[in-house]
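Take a look at the structure set out below.
The values are calculated or read from the model by the stated rules, or taken from the named source; none is laboratory data. Since the model is a prediction, treat every value here as computed from it, not as a measurement. Backbone-built Cβ (ideal geometry, glycine too); neighbour counts: all protein chains shown. We work out accessible area using only protein heavy atoms, side chains counted, and drop any ligands, DNA or RNA first. Shrake-Rupley method; radii C 1.70, N 1.55, O 1.52, S 1.80 Å.
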Amino acid sequence: MKIEILSDEMASRIAAGEVVERPASVVKELIENSLDAGASEISVWVEGSGSAVIRVTDDGEGMTAEDLDLAVERHATSKLKEDADLFRIATLGFRGEALPSIGSVSRMEVLSRPPGAASGYRLRLEGGKKHEISPSAAAIGTTIEINDIFFNTPARRKFLKSPATELSHICDVVNRMALAFPSVHFRLQHDGRNIADYVAVNDPKDRLQQVLGRDVAGGLVLFRRGSGDVTVRGYLSAAPTSFPNARHVYTFVNRRYVRDKILTHAVLFGYESLLMKGQYPAVVLFLEIPFGEVDVNVHPAKYEVRFRRQSDVHDAVSRALRQALRIEAKEPSPSVATTWPATLHAVRETPLPYSGPGLANLSESRLLREAFPMPERPDSLTPGFFSSMQVLGQILGCYIVCVSPSGLTLIDQHAAHERVAFEKLRRQLNDGRVERQALLIPQSVELSAGEMMLLAQNLDVMESFGFSLEPFGPGSYAIRAVPALLPEGDYAQIVRQMVAELAEVDTSSKLRQHLEDRLATIACHSVIRAHRKLEPHEMRALLEALDQIDFATQCPHGRPVLIEWSQTELDRLFKRIV
Ligand code: ADP
Ligand code: MG
C-alpha cells in the first residue's frame, strides 16, 4: 500500500501554504476577521517586518471561551450557516481556514472578550498544537498575536524577501483595507514606530488623503454610475496625469480588495488611448454588485473573484470611467488644476466643448443601457474652443502657435492629426461603414506561414477596418482596397503590422481594445508626418476638426495634443509674480 491519509497537522500545514504566503497574508486575514467582527478600531503591531511578531487588536464582538476553542479548528466559521450562504457571501471571511492555517505555522496566542462577558479568555497554539484555554484579563474585543511565523517550516521562511519588502506588503494590506473601510480607525506600528494612523472619517475622500497622500489624492475626481443593484463608484485621475506602474489602481468588489484581471482590464480600457503606453492612472474603484452575482470562493486568499456576467461587469466599469473622463475632458474639476499646476512640462486640461458621438455603441448590453444611461447630448454646438483661437503660425515644422483667450497655446500638429483621424475612423467603425479606397493596381504583401494563418482567420476584422485582401499565390495576399484615410503609399507595411498585432488578440474580451489599438495604428499611418509646412487654411481646418471630436487633448497614444500657458503661468515664468 503506498497511499496514506495525511495527519491533520500535515494537512493544515499544506493548506496554510495557500493562505499564508508571507507575514502580510497574516495581517490581511486578521484584519478581515476584525472587520467581520464589527470592529471600529484595529491596531496592527509588527516587529521584524512581521517575521518576529504580528499582533492585531480590535474592539469587535469578541469570542466566548467555547468559540475560541472552535475558532482555531479547520473549517470552523461563524459566517456560513446554511449551504445557500456560500452563494451570497457578505463577510470578508467564510472559509474557516485562516486561524488554523496561521496557527499551524507559528506560535499563536488569541485573547478575546465579548462585550457582555465578565472576563476574557486566552488560548495558545504552537505549530498547530492547542494548549489549554485559560481565563485572563482582557479589554473587550480580540487580540491575536503571531510569533515566529514559519518557525516550523524553514523552507517557507527562506522564501521571505528583504525586511523592507515584507514590510511594504504589510503596509499595502493595511492601506487597501483602510481605503474600503473609512469609518474604521486603522493603526500600524513597526518596531515601536508609528507607520500609519488613520483615524475614522466620514468622507471617503479624507481616507484617500490619509492613505495615498495629499498629492495623489488631491488630484482624484469622484465618479459614480449605476442604478438598480450594480454601482460603480470611486475616484480617478484625469488624463494626462499618469504613473509608471499600476500601483495606484485599487479595485474592490463589495468592499473586498481584489486583483481581478477583468476589472483591471476594464479600468485601463476606460482610459484607452488617453494615456501613453506603459503609463497607468490612479483609480480607486468600488464595484457594488449583488452577492449572488459574484463568486468569491475561487482563490484561497480570496484575492480573485469570478463574475457571473463578466462582460457586463467589464462594460459597466469601463463605461463608468470613460464617462467620468469624458466629463473631465470637457470640464476639468478645479481640484485637478490646483493639484497639478501647469508647468513647462505638465499639460493642463482645457475645458472643451462636448460634441460628436463617443464610445456609445461599441458594445451595448441591455443591462448596461438600463443601468448606465448615457447623458443627453447638447443639440447645438457650443462655439469651439480650438477654432476660437487665433493662429500665429507654425514653428519648427511641427508646432502650431496660437493665442487662446486665457494665454498662449502650442499644438502638436502630428498628435492633433492623429487624434482627429482616430476619432473619425472610430466613428466610421462604430457605424459599420469605414470609407475605403479601391486600389487601381493592387499591392501585394508577403507573409510568413504563421502570418498567413492569422490573416486568413481575421479577414473579416481587416475588412471592417477597410482593408480588402485576397489570397495571391502561396505566401502572399493582394491588397485591393484600404481605408480612405490612408495617404497613398506602401500599404504592405501597415497590413503586415496589423497582422503582427492580430497575434496578440487571444480572448474576445480583448477584442474591443484590440480594435482601438488598430485604429490608432491606422490613424498613425494616415497622418502628415512632422516637419511639413502647413498652410494657414490647413491649420484652421485642423483646429476646426479638433472641435468636432471627444478627447481632443490627447493623441491616441496618450501624448498631449496641446500645451497651454495662462497669463499667470507666463507671469510666473517671467518672475513678474512669485
Ligand atoms: P473565517 O473568517 O473564514 O470564518 P477564520 O479562521 O478566519 O475563518 O476565523 C474563524 C472564526 O473565528 C470566525 O468565523 C469568527 O467567528 C472567529 N473570529 C476570528 N477572528 C475574530 C475576531 N477578531 N473577533 C471575533 N471573532 C473572530
Ligand atoms: Mg477569517
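Note on the chain: Cα convex hull, mean projected area over all directions, 35.2 nm². Expressed as a whole percent, the accessible area of region 61-137 that falls on carbon and sulfur atoms is 51 (1.4 Å probe). Okay, which of region 72-113 sit inside 12 Å, backbone N to the point 7 Å along the Cα-Cβ direction of Arg308? Only 87-89 fall inside the zone, counting backbone N under 12 Å.
Under the definition of Cα pairs under 8 Å and six or more residues apart, what whole-number percent is the relative contact order of region 158-212?
Relative CO of region 158-212 lands at 28 percent.
Distance between the modelled labels on Ala118 and Ser464, one decimal in nanometres: 7.4 nm (7 Å Cα→Cβ projection).
Tell me the mean residue ellipticity at 222 nm calculated for the chain from its helices only (DSSP H runs of n ≥ 4, each -39500 (n - 2.57), averaged over every residue, nearest 500). Only helices count here, giving -10500 deg cm²/dmol. Using R0 = 25 Å, the C-beta based FRET efficiency linking Ile5 and His299 works out to 0.45. The distance between label points at Phe472 and Thr165 comes to 5.3 nm (points 7 Å beyond Cα on the Cα→Cβ vector).
Relative to 2.2 N^0.38 Å, what does the C-alpha radius of gyration of region 78-191 come to as a ratio? Two decimals please.
Ratio of Rg to 2.2 N^0.38 Å for region 78-191: 1.26.
Would you mind telling me the share, in percent, of accessible area of region 240-301 contributed by carbon and sulfur at probe 1.4 angstrom? On region 240-301, the fraction of accessible area on carbon and sulfur atoms equals 54 percent. Only Cα sites of region 387-438 enter the Debye sum here, all with the same form factor; the resulting log10 I(q)/I(0) across q = 0.19, 0.30 1/Å is -0.72, -1.09, listed in q order. Computing the accessible area with a 1.4 Å probe over protein heavy atoms, can you report the carbon and sulfur percentage for region 533-578? Carbon and sulfur atoms account for 59 percent of the accessible area of region 533-578.
Full extension of the segment from Ala155 to Gln390, taken as 0.36 nm per residue of separation minus the current Cα-Cα distance, would add 77.6 nm. Taking label positions 7 Å along the Cα-Cβ direction at both Asp197 and Ala456, the computed distance is 7.0 nm, reported to one decimal. For region 1-80, the convex hull drawn through the C-alpha positions has a volume of 131 cubic angstrom per residue.
Computed log10 I(q)/I(0) for region 202-326 at 0.19, 0.20 Å⁻¹: -1.06, -1.16, from the Debye equation with unit scatterers placed on every C-alpha and solvent omitted.
In units of the compact-protein estimate 2.2 N^0.38 Å, region 189-229 shows a Cα radius of gyration of 1.59. The calculated Kirkwood hydrodynamic radius for region 1-150 is 15.7 Å, given to one decimal from all distinct C-alpha pairs. Across region 159-269, Cα-Cα pairs more than 24 Å apart make up 30 percent of the total.
Above 18 Å lies some portion of the pair distances; for region 385-508, what is it as a whole percent of all C-alpha pairs? Of the Cα pairs, 62 percent sit more than 18 Å apart.
Would region 86-137 count as rounded, prolate or oblate if I go by the C-alpha gyration tensor, calling it rounded below 1.5 in a/c and otherwise prolate when a/b exceeds b/c, oblate otherwise? In terms of gyration-tensor shape, oblate.
Taking the solvent-accessible surface of protein heavy atoms with a 1.4 Å probe, what is the per residue accessible area of the chain in Å²?
47 Å²
Across region 146-267, Cα pairs under 8 Å and at least six residues apart give a relative contact order of 15 percent. Note on region 200-261: Cα convex hull, mean projected area over all directions, 5.4 nm². Is region 246-302 rounded, prolate or oblate when judged by the Cα gyration tensor, a ≥ b ≥ c being the square roots of its eigenvalues, rounded requiring a/c under 1.5 and prolate requiring a/b larger than b/c? Prolate is the answer for region 246-302, as a/c is 1.5 or above and a/b outweighs b/c. Computed on the chain, with alpha-carbon pairs under 8 angstrom and 6+ residues apart, the relative contact order is 11 percent.
Stretching Met276 away from Lys130 to a fully extended chain increases their span by 47.0 nm, per 0.36 nm per residue minus the current alpha-carbon distance.
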